[in-house]
Amino acid sequence: MTGAWDEARVVELARRLRKAETGGWSGPELRAVVEGLDWQWDDGPAGPRLVTGREADASSRWAPRLRPVGRFEKDYVHGGLEYVGLYVPVALPEGGAVGKAAAFRAIAEALTEEFGPAPLMGAYGDPGPFYDSAPLWGSPFLRWRERENTLELHAGEHGPELLLQPTDPVENWFWRQGHGEHYALGGFFGSRRVSANAGMGYPGRWRTDDWDVFARALGDFLDTLPAETHALGIELDLGFHALVPGTYGPILFHLACGERLEIVYEPVRTGEGIADPSSFGWIPHTTRPAALDHWLEAPYHSGDFGIGEVDGSRLARMMVDTLRDLGVSSPKDLSLSDHAQQVGDYHVDYYGLTLEENP
């Protein structure tokens, strides 16, 4: 893995971060934590600069950083906290999104071996906590939640980072995003039924009856999905039901995504007034078979796409144009197959899809 900490060192740092006595996340308490890690705290006009002593610190991309409570964080903080995160980059991989996803996965596997499966996992999408923009390559996370502090393996713009944060502020932000406005939350959020998640609140989904809003959200969800699922070591298996006039809501699309993404399409109406699916970009199975395994044996597919290859906007428009051509009146007439929310040991909510689970 090019430009990375040794995995044993990452695990050791993660152990020390989980044991850190952060108290009320004040400046003096965080300074003691930093110096306890044998790092240097340098005060400056722009705030503290953290120096680890590594030669690579000459690059600002390697430097750890503290996140102070500012205008985007203050509404979600109680008790006088001055900081809401300590971020430590642990890999600066080459190879674009492919390299970043692979680096994240390698570190994720090492941390999982050490601490057990993370109680929480997912992809933030856009916006991220405290309204951050998502990294361009993807926004996967694994979170080892505890009552006071939480350790997270986090996607930075340049690669994976360890993030130590007080538990309440980020969860307060997440909960309060359940106000129902368009684009309030993106990505997906998975939780295990374990004691570590006791007291965790989950916001409601936002919904839309506007096809253009849905297409944008769906496109954003698809764009980085292969990088995120590969980084997390999971596979998504989603069926999309649609209330096509004259039917009881069959499954039209099946999406499979691990390291590659592919969608298959099963028409339920043909004939006069219904466009040829190829006109929307669907590839006939007779021309080129689907590349991935699907439980829906459909005559059309999207083609398969790897990390960094997905044009989410185009795929979303294919699906939306198909649905509208079939007479589906609104995105609120769509739902997910009943097994979609079970991913391994995790129950997953797909906030970026805005869809309800099919009962």
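Take the residues of the stretch 240-275 that are modelled with pLDDT under 95 and of a type in the set (Asp, Glu): which is least open to solvent (accessible area, probe 1.4 Å)?
Glu259
Looking only at the stretch 25-41, decide whether some residue is farther than 19 Å from Leu163 by Cα and charged (D, E, K, R).
Scanning the stretch 25-41, I find no residue that is farther than 19 Å from Leu163 by Cα and charged (D, E, K, R), so the answer is no.
If we keep just the residues of the stretch 63-96 that are open to solvent by 70 Å² or more (accessible area, probe 1.4 Å) and acidic (Asp, Glu), which is farthest from Glu12 (Cα to Cα)?
Asp75
Residue-by-condition table, conditions (1) within 20 Å of the chain's Cα centre (by Cα); (2) outside any loop (DSSP other than H, G, I, E, B); (3) touching a residue at least 60 places away in the same chain (Cβ under 8 Å):
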position: Leu50; (1), (2), (3): no, yes, no
position: Ala63; (1), (2), (3): no, no, no
position: His78; (1), (2), (3): no, no, yes
position: Arg105; (1), (2), (3): yes, yes, yes
position: Glu114; (1), (2), (3): no, yes, yes
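Does the stretch 303-325 hold any residues that are surrounded by 20 or more Cβ atoms within 10 Å (Cβ to Cβ) and under 17 Å from Thr270 (Cβ atoms), and which are they?
Passing the criteria: Thr322, Leu323.
Would you check which residues across the stretch 337-347 are more than 18 Å from the chain's Cα centre (by Cα) and open to solvent by less than 20 Å² (accessible area, probe 1.4 Å) and list them?
Ser337
Given the criteria surrounded by fewer than 18 Cβ atoms within 10 Å (Cβ to Cβ) and of a type in the set (Gly, Ala, Ser), does Gly99 qualify?
In short, no.
For Lys100, all conditions in the list (1) among the charged types (D, E, K, R); (2) under 27 Å from Gln177 (Cα atoms); (3) in contact with a strand residue (DSSP E or B) (Cβ under 8 Å, 6 or more places away or on another chain) hold save one; what is the number of the exception?
(2)
I need a count of the residues in the stretch 183-213 that are outside any loop (DSSP other than H, G, I, E, B), farther than 15 Å from His347 by Cβ and open to solvent by 30 Å² or more (accessible area, probe 1.4 Å).
Looking only at that region, the number is 2.
Which count do you get for residues in the stretch 247-277 that are within 15 Å of Arg317 (Cβ to Cβ) and more than 30 Å from the chain's Cα centre (by Cα)?
2
Which residues, counting only those in the stretch 22-42, are modelled with pLDDT under 95, charged (D, E, K, R) and in contact with a Gly (Cβ under 9 Å, 6 or more places away or on another chain)?
Within the stretch 22-42, Asp38 is the sole residue that qualifies.
Which of the residues spanning the stretch 148-162 are open to solvent by 10 Å² or more (accessible area, probe 1.4 Å) and free of Cβ contacts under 8 Å to residues at least 40 places away in the same chain?
Hit for the stretch 148-162 is Glu157, nothing else.
Can you pull out the residues in the stretch 315-330 that are within 22 Å of the chain's Cα centre (by Cα) and either farther than 17 Å from Ala256 by Cα or not in a helix (DSSP H, G or I) (or both)?
Once the filter is applied, which keeps residues that are within 22 Å of the chain's Cα centre (by Cα) and either farther than 17 Å from Ala256 by Cα or not in a helix (DSSP H, G or I) (or both), the stretch 315-330 yields only Arg317.
The values are calculated or read from the model by the stated rules, or taken from the named source; none is laboratory data. Just so it is clear, the model here is predicted, and its values are computed rather than measured. We place every Cβ from the backbone using ideal geometry, glycine too, and count neighbours over all the protein chains shown. To get the accessible areas, we keep the full protein, side chains included, count just its heavy atoms, and leave off ligands, DNA and RNA. Shrake-Rupley method; radii C 1.70, N 1.55, O 1.52, S 1.80 Å.
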